[in-house]
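The values are calculated or read from the model by the stated rules, or taken from the named source; none is laboratory data. This is a predicted model, so every value here is computed, not measured. Methodologically, a virtual Cβ is constructed for each residue, glycine included, from the backbone with ideal geometry; neighbour enumeration extends over all protein chains shown. Only protein heavy atoms, including side chains, enter the accessible area calculation; ligands, DNA and RNA are left aside. Shrake-Rupley method; radii C 1.70, N 1.55, O 1.52, S 1.80 Å.
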Amino acid sequence: MLFNSFEYLVFLPVVVLAYWLVPRQVKPVLLIAASYFFYMYSFKVYGLLLLGLTAANYVLGLLVSRFERLDARRLILVAGIALNLSMLALFKYTNFILDSINTSCAWLGRFMAFPLDKGVGISDLPIILPLGISFFVFEFIHYLVDIYKGSKPVKNPLRFALFASFFPSQIAGPIKRYQDFDKQLDEKPQVTFDQFSSGLFLIAQGLFKKTALGDNLAPVVKAGFDNPNLMGTFEGWLCITAFAFQIYYDFSGYTDIGRGSAKLLGYSLPENFNMPYIASSLREFWHRWHMSLSTWLRDYLFIPLGGSRGQEAQTYANLITTMLLGGLWHGASWTFVLWGLFHGVGLAINRAWDKQLQNAPALSRAVNSVFGLALAHAITLVTVLCGWVLFRAKTVPEAIGVFKAMFTPCVAQIDCEVANAFFNSPVPAAICVYFFIVGGAAVVKLIERNAGDSYDSAQNLPGLDLKSFANTRWHFAIMPLPAMAHIGFSFFIGLVLLAFCRGESQPFIYFQF
Amino acid sequence: MSPTTIFDPEVIHTIPSQQRLGRKNALQQPRNASQKILAGLLVGSSVVLLFGVMLVLSEIALGLIGLGDDEYIKVDPVLGITHLENKWVDFRHEGFSRAKISSQGLRDVEHQIAKPEGVTRIAFIGDSKTQALQVNIEDTFVRLVEKELNSQAASQKKKFETINFGMSSYGLVQYFVSFLSQVRPYSPDVTVVVYHIFDSTENLPKFGTTSLPAPTLSLNNKDELTIDYNFLDCWLHTDGAKYMIASEWLRRNCHLFQALSADDFMLRSGSKWYMNIVSKLFAPFSGGFQNAMDNVPLAKFGDYERRRRAICEETRTLDRQVSHDNIWTWTVKPRLGDKNASGADGKEDFKLLHDAASADVNLAGRVVRMLNLACRKSGSKLVLVTLPAPDNMVFYFKEIKALKKLAEKEGITVIDANAQFPSLAPMQSSPLYYRSHFSPAGHRKMANIIIEGLKPVLNQ
């Protein structure tokens, strides 16, 4: 089930209403049932995969915590990680491996006049990637590793099943930490009117980002990547900038909808984005982009590989390996591997540069000047954009074609549709509306901050606590203004979105991971 | 402290926290029932007011940014459907464009009906590929032809003007009726019919059809052809058509209504949940809707019966004056091994399709002859442009061959764009198309092909 579908528009209010009406003991069961319904809506059979992996990891978690001997614990941990990764490899990388073998044999055959110059004839297997497998496998691995390190396992199977299947973050993250999630299950389920309305606003904002901005940028990107040889320099940069924002609005929009949905249920999910394109270094970019993944890679790949504890060369190797595997996690294609490698090398260079600055105060002063910072931002942005070329291109020749357009001064051919697609699209209009919404939300926050206790509307749902209204002529001024503003803006966004979602609805980009 | 000061943010900051706490506790003292009701009413009315303000705000926002202008069709009792005149249309289902339908209801710039002195006028009649909602007006092949012809003829002081009469879903019968009712008053020197797959299949209603938003042909037992309005009349009396008539003002002027209608259409075909939920929700109101639709008058269309009669009479007259010879004179054999939908041998099914196609094309030949005669009588030369199609459209390619043979005999120029476009497999993508309609690149290619093809006609 997609977040931007009519089905979800019906599903979410029904689940939220039911959740707040049922007794406390039933709430986790209801959420698990809803989450499995959500997951199995597209492919029923993969519900069994999720259930099976949940059960297996639950048992393995208990086993890891049970044994005192380190080698036994390690053995179970390794078995658990192997189980999770093998499921991921089976569904995600089987055809990639077979294609690579085929292509390698064909290449070798041509190069060495081999009989296998047309490949070994292996055809793809009919495997459909289960939605969200990359995300919940990472959550399971994090769970087992943390237990191995000493955290307490989740004893209640229902709580663990809810952690694994929680629908707002099930398919495309954010990648949760079970300690943070489990803590929320101990608290009394409640949500204030403000939290509820801000959850609604987050959902509306996320839908706007995805539908009005992300989806309308897709034709610009498609026009460029389908025919890179037609693009000129301007079109090349316009195309990749459009993709940078398409993927940002798509993914952050999805996260907003997920976080907003969780808020309506009284849960809090970690933030995943923090204005990534204002980063002044690649390192900072990864502290702002897909934060739940970068912290996972740091804690469960980079640090176990040795982190920065060894020599510098080893640290660089660890960085590159981590990012290379992170790239592979994104997709079963050599372009994703190249993208990961690109960022790994970039981070290594970033680290070396930072070390250089530590030993050169004058250079450090220059870098921290206004001009230096501006240059740093520009270089980071260009680097990230170049990385996105590798990410988006389906093949290496396609990526090369886009790079040629970007870095070879030339004018577009007459049939190039990139500029036409952008300037004729609703994106400029959507950006204006987005600024209005963001500006309005900022004003609301300002009022909220200044209004103090008079606007305190901490009542528990269901229903408003009418006792909080003053016995004066000015009853209406006591209204929970920030909450009402959130609801008003959400309604405005919903209405405006009716007109924005005219074109082809694009699937969420991160669904393919 | 007066009650009003608690609402002053400045004052709030200066109130000691204990006092604020005390006030908060005072505020939370239980109130009596009437105060609760009053507070509840105030909350309710504030919410309604808020939603009303947001409705107005979003309508203004959509108007300012130029979105939500999805509707472009109105009901027409002679042609079935035509454009909403003077209407901005924002089209993003395939490609993207924003343009205004002219005051004459054409997807084109404004044109005078009376032909200016010294101007050679070229009328283009066709379906959605000619209408070209997918690109801006200036990027359509119709406008590009005009620009290029004027540019080439600048030194000779000749002037050309093209007019786009294209309308989505039109078929050959509508092209013919459109010429008689819409195009002829403009006195075109050349009439270009942009011909496409299935243009001939819509001539006669298929078995089981009860209503159609278009005029059709009918053959009586004396093999006399005329225009049949029965199916269109049935359609005009359907709830759908009447709803379109009744909601015309909203569809012209309210962006939110247009956006909602377009979303409703999209969801009805894309979401089973939506269909089930909406049909159940509206079931209690369907009786009222039915009654409301029964009261929609068709008299607002004026004296359309007279216009229809004139068209039918002229059709009969023209048909008597043209040859009724068949233009499809082959038998196409099925490919070996072709299977039907249930996996059985497809020979019988193919024969049925073949016979239907040949009958349609033979009838199309008569209509083309009538159109040619009507053009000649009004001083216009008929040109047929056959559009490109995927390479599995076997019957269409035979149809083009048949039309070319007919054209040779009748002195009609045929511009075979299908032969000049790169061949495409079904569903294969190309930079010349978006999905099934031309991209700006495709329009440029079409314009070049048409200009080359028109040269002998314009030089005569």
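Taken over segment B:93-104, the residue count meeting the criterion of being within 14 Å of chain A (Cβ to nearest Cβ), in a loop (DSSP other than H, G, I, E, B) and modelled with pLDDT of 90 or more is 0. Say whether the condition of being open to solvent by less than 40 Å² (accessible area, probe 1.4 Å), out of contact with any strand residue (DSSP E or B) (no Cβ under 9 Å at 6 or more places or on another chain) and either under 15 Å from residue B:239 (Cβ atoms) or within 8 Å of chain A (Cβ to nearest Cβ) (or both) is met by at least one residue in segment B:288-295. Checking segment B:288-295: at least one residue is open to solvent by less than 40 Å² (accessible area, probe 1.4 Å), out of contact with any strand residue (DSSP E or B) (no Cβ under 9 Å at 6 or more places or on another chain) and either under 15 Å from residue B:239 (Cβ atoms) or within 8 Å of chain A (Cβ to nearest Cβ) (or both). Test of understanding: among A:219, A:174, which residue is touching a helix residue (DSSP H, G or I) at 6+ places or on another chain (Cβ under 9 Å) and assigned to a loop (DSSP other than H, G, I, E, B)? Exactly one residue qualifies, and that residue is A:174.
Here residue A:42 fulfils each of the conditions (1) within 14 Å of chain B (Cβ to nearest Cβ); (2) among the polar types (S, T, N, Q); (3) open to solvent by less than 20 Å² (accessible area, probe 1.4 Å) apart from (3). For residue A:416, which of the numbered conditions (1) part of a helix (DSSP H, G or I); (2) modelled with pLDDT under 90 fails to hold? Checking residue A:416 against (1) part of a helix (DSSP H, G or I); (2) modelled with pLDDT under 90, the one that fails is (1). Among the residues of segment B:419-430, the ones that are more than 13 Å from chain A (Cβ to nearest Cβ) and small (Gly, Ala, Ser) come to 3 in all. Selection within segment B:138-169: residues that are open to solvent by less than 20 Å² (accessible area, probe 1.4 Å) and outside any loop (DSSP other than H, G, I, E, B). The member of this set that is nearest to residue B:82 (Cα to Cα) is B:164.
Could you tell me whether segment B:267-278 includes any residue that is more than 10 Å from chain A (Cβ to nearest Cβ) and either β-branched (Val, Ile, Thr) or open to solvent by less than 40 Å² (accessible area, probe 1.4 Å) (or both)? Taking every residue of segment B:267-278 in turn, none turns out to be more than 10 Å from chain A (Cβ to nearest Cβ) and either β-branched (Val, Ile, Thr) or open to solvent by less than 40 Å² (accessible area, probe 1.4 Å) (or both).
Answer with yes or no whether residue B:456 is surrounded by fewer than 21 Cβ atoms within 10 Å (Cβ to Cβ), in a helix (DSSP H, G or I), at negative phi and not hydrophobic (A, V, I, L, M, F, W, C). Working first, answer last.
On the way: surrounded by fewer than 21 Cβ atoms within 10 Å (Cβ to Cβ): yes; in a helix (DSSP H, G or I): yes; at negative phi: yes; not hydrophobic (A, V, I, L, M, F, W, C): yes.
Yes: the conditions hold for residue B:456.
Residues that are loosely packed, with under 14 Cβ neighbours inside 10 Å and within 14 Å of chain A (Cβ to nearest Cβ) within segment B:431-453 comprise B:435, B:436, listed in sequence order. Here is a check on your reading of the model: is residue A:213 touching a residue at least 40 places away in the same chain (Cβ under 8 Å), surrounded by fewer than 24 Cβ atoms within 10 Å (Cβ to Cβ) and within 23 Å of residue A:441 (Cβ to Cβ)? Against the criterion (touching a residue at least 40 places away in the same chain (Cβ under 8 Å), surrounded by fewer than 24 Cβ atoms within 10 Å (Cβ to Cβ) and within 23 Å of residue A:441 (Cβ to Cβ)), residue A:213 qualifies.
Conditions (1) without any contact (Cβ under 8 Å) to a residue 60 or more places away in the chain; (2) open to solvent by 50 Å² or more (accessible area, probe 1.4 Å), marked per residue:
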position: A:358; (1), (2): yes, yes
position: A:365; (1), (2): yes, yes
position: A:368; (1), (2): yes, yes
position: A:374; (1), (2): yes, yes
position: A:392; (1), (2): no, yes
position: A:401; (1), (2): no, no
position: A:408; (1), (2): no, yes
position: A:431; (1), (2): no, yes
position: A:435; (1), (2): yes, yes
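Residues of segment B:398-409 that are crowded, with 17+ Cβ neighbours inside 10 Å and either in contact with a strand residue (DSSP E or B) (Cβ under 9 Å, 6 or more places away or on another chain) or not basic (Lys, Arg) (or both): B:399, B:400, B:402, B:403, B:406, B:407. Would you check if there is a residue in segment A:20-31 being within 17 Å of residue A:200 (Cα to Cα) and open to solvent by less than 70 Å² (accessible area, probe 1.4 Å)? Yes, some residue in segment A:20-31 is within 17 Å of residue A:200 (Cα to Cα) and open to solvent by less than 70 Å² (accessible area, probe 1.4 Å). Contact map, segment B:33-60: residues that are more than 7 Å from every other protein chain (Cβ to nearest Cβ) paired with residues that are in a helix (DSSP H, G or I) and open to solvent by less than 50 Å² (accessible area, probe 1.4 Å), Cβ distance under 6 Å, separation 6+ or inter-chain. Pairs shown: B:59/B:255; B:59/B:256. Taking the listed residues A:261, A:252, A:268, the one that is within 18 Å of the chain's Cα centre (by Cα), under 27 Å from residue A:482 (Cβ atoms), touching a residue at least 12 places away in the same chain (Cβ under 8 Å) and open to solvent by 40 Å² or more (accessible area, probe 1.4 Å) is A:268, with no other qualifying.
Considering segment B:61-92, and only residues there that are among the small types (Gly, Ala, Ser) and within 12 Å of chain A (Cβ to nearest Cβ), the residue that is most open to solvent (accessible area, probe 1.4 Å) turns out to be B:63. Checked against (1) within 23 Å of residue B:127 (Cβ to Cβ); (2) within 14 Å of another protein chain (Cβ to nearest Cβ); (3) in contact with a Ser or Thr (Cβ under 7 Å, 6 or more places away or on another chain), residue B:238 passes all but condition (2).
Any chance segment A:223-239 includes a residue that's within 18 Å of residue A:339 (Cβ to Cβ) and surrounded by fewer than 19 Cβ atoms within 10 Å (Cβ to Cβ)? No, that holds for no residue. Number of residues in segment A:370-403 that are of a type in the set (Gly, Ala, Ser) and under 20 Å from the mean Cα position of the chain (by Cα) equals 2. Taking segment B:119-135 as the range and being farther than 16 Å from residue B:163 by Cβ, open to solvent by less than 10 Å² (accessible area, probe 1.4 Å) and under 9 Å from the mean Cα position of the chain (by Cα) as the test, only B:133 passes. Every condition in (1) in contact with a Lys or Arg (Cβ under 7 Å, 6 or more places away or on another chain); (2) part of a helix (DSSP H, G or I); (3) at pLDDT 80 or above is met by residue A:159 except one, and the failing one is (1).
On the stretch given as segment B:422-448, residues that are in contact with a Leu (Cβ under 7 Å, 6 or more places away or on another chain) and either hydrophobic (A, V, I, L, M, F, W, C) or modelled with pLDDT of 85 or more (or both) total 8.
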